[in-house]
Amino acid sequence: MYTSIASLPSIWMIVLSLFGLTLLITALGFRKPVYFVSIGYAFSIFAMALETIILFRQQITVLSLLHNLLLIIWGLRLGIFLLRREFQPSFRQQSGETNNQYGGISLSRKFVIWLGVSFLYGLMFLPGFVSAANPQPRISSGSMIVQASGLLFMSGGLVIEALADWQKSAYKTRFPKALCNVGLYRWVRCPNYFGEILFWLGNWVMGIAFYSTLLVWIGSLIGLVCIVLIMFGSTRRLERAQDQRYGELPEYQQYIQTVPVLFPYVPVYTLKKIRVYLE
């Protein structure tokens with residue numbers, strides 16, 4: 001028999017505790033605003049997934065456990081990568097440009113960003129939460145295939161994003177001022193963003209069997225759409241930055257005209273003309 005999360009006692013107390021945990025971690029952004037969307041982002045997902053496994057350890061299913069473990073691995077991997085990147089010489093100039101961009105943000109605006117990103121990370125994590133809170137979905141071959149597909153997308157996205165970050169970091173250590181066009185970057189110009197989209201798509205798919213109310217459907221979709229738009233915006237921002245650094249190089253012009261910008265094998269070579277409201 002399917003159990004709705006609404007029937008679980010104290011479920012809203014758990015939701016509030018997860019949101020409070022996210023608020024605590026993303027508060028790092030008050031020290032350096034970029035942390036709202038970098039270190040705070042990664043470790044918020046990590047912490048929520050870990051707390052969810054602990055709280056629902058007596059009822060969580062194997063698939064839901066795997067779901068949340070992938071979220072833990074993703075958040076921990078990205079968080080550690082971002083922390084280590086802070087100390088890389090090749091990143092310091094870019095970091096300085098980012099800090100200048102966010103340097104003039106007022107305290108009131110920081111407060112709004114803090115609440116907004118914390119709420120967004122909660123919506124993004126919602127599929128992982130409901131899959132753990134609802135241990136007995138309607139079992140069918142179709143739902144099993146859907147969940148298996150979700151796990152495949154999440155695993156593939158995690159591997160692609162991690163490999164892309166590692167390849168670019170290793171390349172920039174050797175050639176700090178050169179454009180990275182090796183490894184996965186030969187197939188798509190933003191493989192890390194593509195991997196992140198694939199990961200969060202898989203996360204949303206994994207939760208389909210557990211979306212018991214319209215509110216949960218809407219909340220989970222908002223989280224997925226927002227992260228996809230953010231990745232589109234990040235791609236646009238990276239395109240503009242690379243145009244400024246390498247725009248006069250003939251090899252760069254050939255690269256951007258022959259290698260897809262975000263999705264491999266999809267002949268879309270720029271997103272600069274697409275209006276994105278989440279950058």
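Points to keep in mind about this one:
- With respect to the conditions (1) buried (at least 20 other Cβ atoms within 10 Å of the Cβ); (2) modelled with pLDDT of 95 or more, PRO137 falls short on a single one, namely (2).
- Search result, residues across segment 13-35 that are closer than 12 Å to PHE119 by Cα and not polar (S, T, N, Q): VAL15, LEU16, LEU18, PHE19, GLY20, LEU21, LEU23
- Total residues in segment 9-46, condition outside any loop (DSSP other than H, G, I, E, B), free of Cβ contacts under 8 Å to residues at least 12 places away in the same chain and closer than 27 Å to ARG84 by Cβ: 2
- Output for segment 188-223, where each listed residue is under 21 Å from ARG237 (Cβ atoms) and either loosely packed, with under 15 Cβ neighbours inside 10 Å or among the polar types (S, T, N, Q) (or both): ASN192
- Qualifying positions in segment 164-177 - of a type in the set (A, V, I, L, M, F, W, C) and either within 15 Å of ARG77 (Cα to Cα) or under 22 Å from the mean Cα position of the chain (by Cα) (or both): ALA164, TRP166, ALA170
Here's the yes/no breakdown for (1) under 26 Å from TYR41 (Cα atoms); (2) among the β-branched types (Val, Ile, Thr); (3) surrounded by 22 or more Cβ atoms within 10 Å (Cβ to Cβ):
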residue	(1), (2), (3)
TYR185	yes, no, no
ILE227	yes, yes, yes
GLU239	yes, no, no
LEU249	no, no, no
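- Set side by side, the residues VAL112, VAL130, VAL117, VAL146 differ, and just one is at pLDDT 85 or above, under 17 Å from the mean Cα position of the chain (by Cα), β-branched (Val, Ile, Thr) and closer than 27 Å to ILE230 by Cα, which is VAL117.
- Scanning segment 178-210 for residues that are over 22 Å from ILE72 (Cβ atoms) and not in a helix (DSSP H, G or I) gives ALA178, LEU179, CYS180, ASN181, VAL182, TRP187, VAL188, ARG189, CYS190.
- Restricting THR213, THR258, THR173 to residues that are over 24 Å from HIS67 (Cβ atoms) and touching a helix residue (DSSP H, G or I) at 6+ places or on another chain (Cβ under 8 Å) narrows the list to THR173.
- Residues located in segment 233-250, provided they are over 27 Å from the mean Cα position of the chain (by Cα) and without any contact (Cβ under 8 Å) to a residue 40 or more places away in the chain: GLY247, GLU248, PRO250
- Restricting the first member to segment 139-155 and to residues that are at negative phi, and the second to residues that are among the β-branched types (Val, Ile, Thr), the beta-carbon pairs closer than 6 Å and six or more apart or on different chains are VAL146/ILE208; SER149/VAL205; GLY150/VAL205.
- Among the candidates LEU76, LEU66, residue that is surrounded by fewer than 20 Cβ atoms within 10 Å (Cβ to Cβ), under 19 Å from MET124 (Cα atoms), more than 14 Å from the chain's Cα centre (by Cα) and at pLDDT 90 or above: LEU66
- Every pair of residues 6+ apart whose Cβ atoms lie under 7 Å, when the first sits in segment 47-59 and is closer than 15 Å to SER10 by Cβ while the second is part of a helix (DSSP H, G or I) and not small (Gly, Ala, Ser): GLU51/LEU18; GLU51/LEU21; THR52/ASN68; THR52/PHE129; LEU55/ILE14
The values are calculated or read from the model by the stated rules, or taken from the named source; none is laboratory data. None of the values given here were measured: they were computed from a predicted structure. Please note: Cβ atoms are built from the backbone with ideal geometry, for glycine as well, and neighbour counts cover all protein chains shown.
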